[in-house]
Amino acid sequence: MKLIKGAGVLLHPTSLPGNYGIGDLGQEAYKFVDFLNNSGQKYWQVLPFNPPGFGESPYQAFSAFAGNPLLISPDKLIQDGLLEIKDIESIPQYSESIVEFEKARVYKDELLRTAFKKFEADKCNTYLNFEKDNILWLENYSLFMALKNYFGGSSWNQWDKLVAKRDEAALNRYRALLQDEIQYQKFLQFKFFSQWLELKEYTNLKGIKIIGDIPIFVALDSSDVWANPHLFCLDEAQNPLNVAGVPPDYFSKTGQLWGNPHYDWARMEQDGYKWWRQRFITIFSLVDFVRLDHFRGFEAYWEIPFGEETAINGKWVKGPGESFFSALEKNFGEMPIIAEDLGIITSEVEQLKNKFGFPGMKILQFILEDTTQELVLPLNFEYNSVVYTGTHDNDTILGWFKKHSLEKNIVQKMLADNLGIYPNMNADEACWRFIDLALQSNSVIAIIPLQDILCLDSSARMNYPGTLGNNWNWRFKKGVLTKEIETRLEQLVQAYNR
């Protein structure tokens with residue numbers, strides 16, 4: 001895969017400013033693209049678009065295919081004639097710096113249902129084409145969400161047994177009963193995809209490519225598992241036999257217990273990984289490149305017995321490896337994938353990544369504080385890689401720097417001796433020094449989280465891995481993306497030929 005040398009920004013659309021309690025695909029998204037263009041950026045990286053389930057995590061979604069309806073812009077629905085100005089006259093007061101998920105969900109659902117009442121699906125050819133093109137997942141997802149609402153939000157394996165087991169007669173009864181709700185769910189997906197593709201077209205016309213994200217695992221409580229239980233390792237009660245996670249690591253002494261069911265990879269291989277092929281078809285229609293989450297899990301994954309309270313008592317199990325990527329390559333050719341090769345990386349993982357030519361990831365925070373091996377400075381990174389100051393799972397670079405500035409440790413000494421970054425350095429100066437390091441690195445792409453460009457501390461962190469609550473909710477305020485920041489970024493891009 002040929003990557004164009006350049007720089008970009010990591011920002012999920014939920015973090016955009018706006019009037020409706022959560023960022024969306026309206027005017028502020030287009031302004032952000034203009035900011036990227038004006039500052040010489042070539043890439044915009046986002047997190048998974050999927051509708052978040054438990055804990056609002058986009059990595060624990062109700063579908064691996066569907067888009068998050070909360071990202072639909074009410075203002076664009078007004079432009080479409082599906083809402084009127086009077087429909088949005090009584091907007092609740094929302095925090096400017098925090099996504100208020102539930103409050104926004106209640107308000108936006110009311111607006112979206114109002115828009116749906118005016119929508120005439122049978123007269124809209126683009127909708128009919130969308131429905132036809134996405135039939136492999138859209139029907140199941142829309143029925144799943146209608147049933148979830150009907151059964152009070154409970155997990156599908158707690159529904160009526162016949163429905164949970166997908167008895168066809170029972171499903172037909174509910175299809176008739178919930179017909180309007182099913183159509184509403186399809187409408188939401190049509191509007192999400194339409195608005196996103198309009199934004200993508202605008203972004204691409206500005207010379208900016210979008211890097212999307214595919215989580216390796218799907219949530220148990222998802223339309224994917226409900227509709228395809230044969231593709232997952234479940235018991236008779238439709239609970240996972242084993243669940244996903246990682247052993248003790250940088251983020252947690254007891255490992256991370258994600259709780260996702262594992263795939264039945266042998267069954268998936270029988271039809272050439274058809275479910276995965278459809279998943280990639282969908283994401284490749286929405287983005288230009290894909291960050292493949294937890295890449296090492298395709299070589300070997302951590303399997304934890306269902307019911308364990310931590311991830312400690314697990315074991316490594318061989319994944320589909322070369323067979324999986326060869327099947328995909330046969331269908332797609334050379335794939336625009338960036339491998340998230342973080343964590344416990346073995347020589348086998350490296351070989352798998354290199355065999356298919358996937359660029360890996362370099363995280364400055366991890367590299368600069370790894371005292372177990374000789375420091376590899378950014379100028380010596382391999383070219384076929386993507387460097388980050390940090391990811392959505394890391395502290396902000398300022399928060400990380402402040403932590404090490406308070407301790408007289410080997411990391412603090414290394415920063416001073418090798419990089420000229422001193423404990424008493426001004427916060428903004430330190431942030432921009434790390435950004436400078438990333439952009440001058442040998443990696444073909446340098447991606448900086450917007451929090452680091454804005455020099456924000458740990459309060460702006462996106463996620464604390466292994467924890468629930470107060471995650472995924474950071475937003476930036478209107479007006480903070482100044483001309484001064486644009487100019488400073490553009491100068492760095494020019495200086496390092498990005």
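Worth a mention:
Quick grid of which residues meet (1) in contact with a Cys (Cβ under 6 Å, 6 or more places away or on another chain); (2) among the small types (Gly, Ala, Ser); (3) modelled with pLDDT of 95 or more:
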residue	(1), (2), (3)
269	no, no, yes
286	no, no, yes
299	no, no, yes
317	no, no, yes
328	no, no, yes
334	no, no, no
338	no, no, yes
347	no, yes, yes
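- Search result, residues across the stretch 223-267 that are modelled with pLDDT of 95 or more and acidic (Asp, Glu): 224, 264
- Members of the stretch 197-234 that are aliphatic (A, V, I, L, M), part of a loop (DSSP other than H, G, I, E, B) and closer than 16 Å to residue 306 by Cα: 218, 219, 220
- Listed by first and then second residue, the pairs linking a residue in the stretch 178-191 that is touching a residue at least 40 places away in the same chain (Cβ under 8 Å) to a residue that is part of a loop (DSSP other than H, G, I, E, B), with Cβ atoms under 6 Å apart and 6 or more places separating them unless they lie on different chains, are 187/119; 189/66; 191/72.
- Filtering 127, 141, 150 for residues that are in contact with a Leu (Cβ under 8 Å, 6 or more places away or on another chain) and of a type in the set (Phe, Trp, Tyr) leaves a single hit, 150.
- Set side by side, the residues 68, 172, 134 differ, and just one is touching a strand residue (DSSP E or B) at 6+ places or on another chain (Cβ under 7 Å) and of a type outside the set (A, V, I, L, M), which is 68.
- Restricting attention to the stretch 254-274, the residues that are in contact (Cβ under 8 Å) with a residue 12 or more places away in the chain and either out of contact with any Ser or Thr (no Cβ under 8 Å at 6 or more places or on another chain) or of a type in the set (D, E, K, R) (or both) add up to 14.
- Put simply, of 67, 26 the only residue that is modelled with pLDDT of 95 or more and touching a Ser or Thr at 6+ places or on another chain (Cβ under 6 Å) is 26.
- Taking (1) of a type outside the set (Ser, Thr, Tyr); (2) under 22 Å from residue 339 (Cβ atoms); (3) without any contact (Cβ under 8 Å) to a residue 40 or more places away in the chain in turn, residue 289 satisfies each apart from (3).
- Wholly enclosed strands (runs of 3 or more DSSP E) of the stretch 301-383 bearing at least 1 residues touching a residue at least 40 places away in the same chain (Cβ under 8 Å) and within 24 Å of the chain's Cα centre (by Cα): 337-339, 360-363
- If you go through the stretch 276-305 and keep only what is in contact with a Leu (Cβ under 6 Å, 6 or more places away or on another chain) and surrounded by fewer than 18 Cβ atoms within 10 Å (Cβ to Cβ), you end up with just 278.
- Among residues of the stretch 340-359 being hydrophobic (A, V, I, L, M, F, W, C) and surrounded by 14 or more Cβ atoms within 10 Å (Cβ to Cβ), the one that is nearest to residue 294 (Cα to Cα) is 342.
Yes/no matrix, rows are residues, columns are (1) touching a residue at least 40 places away in the same chain (Cβ under 8 Å); (2) of a type outside the set (A, V, I, L, M); (3) more than 22 Å from residue 39 (Cβ to Cβ):
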residue	(1), (2), (3)
425	no, no, yes
433	no, yes, no
447	yes, no, no
450	yes, no, no
456	yes, no, no
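- Single residue of 383, 422 found to be over 30 Å from residue 273 (Cα atoms), out of contact with any strand residue (DSSP E or B) (no Cβ under 6 Å at 6 or more places or on another chain), modelled with pLDDT of 95 or more and surrounded by fewer than 20 Cβ atoms within 10 Å (Cβ to Cβ): 383
- If you go through the stretch 213-241 and keep only what is closer than 21 Å to residue 55 by Cα, surrounded by 17 or more Cβ atoms within 10 Å (Cβ to Cβ) and either of a type outside the set (Val, Ile, Thr) or free of Cβ contacts under 8 Å to residues at least 60 places away in the same chain (or both), you end up with 213, 215, 217, 219, 220, 221, 222, 223, 224, 226, 240.
Yes/no matrix, rows are residues, columns are (1) touching a strand residue (DSSP E or B) at 6+ places or on another chain (Cβ under 9 Å); (2) part of a helix (DSSP H, G or I); (3) of a type in the set (A, V, I, L, M, F, W, C):
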site	(1), (2), (3)
418	no, yes, no
432	no, yes, yes
443	yes, no, no
448	yes, no, yes
455	no, no, yes
472	yes, no, yes
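- Residue in the stretch 235-258 that is in a loop (DSSP other than H, G, I, E, B) and within 18 Å of residue 355 (Cβ to Cβ) present: no
- Where a residue in the stretch 482-493 is farther than 14 Å from residue 429 by Cα and its partner, wherever it lies, is polar (S, T, N, Q), with Cβ under 6 Å and at least six apart: 486/38; 486/39; 490/39
- Qualifying residue in the stretch 30-43 (condition: closer than 27 Å to residue 152 by Cα, among the β-branched types (Val, Ile, Thr) and touching a Lys or Arg at 6+ places or on another chain (Cβ under 8 Å)): no
- The listed residue being farther than 26 Å from residue 361 by Cβ, under 19 Å from the mean Cα position of the chain (by Cα) and in contact (Cβ under 8 Å) with a residue 24 or more places away in the chain, out of 92, 52, 13, 69: 69
- Here the condition is being β-branched (Val, Ile, Thr), more than 30 Å from residue 483 (Cα to Cα) and at pLDDT 95 or above; of 46, 33, 106, it holds for 106 alone.
- When the stretch 263-307 is filtered for residues that are of a type in the set (Val, Ile, Thr) and over 22 Å from residue 235 (Cβ atoms), the ones remaining, listed by number, are 281, 282, 283, 287, 290.
The values are calculated or read from the model by the stated rules, or taken from the named source; none is laboratory data. Remember, it's a predicted structure, so these values are computed and weren't measured experimentally. Cβ coordinates were reconstructed from backbone atoms using ideal geometry, including for glycine residues, and neighbour counts include every protein chain displayed.
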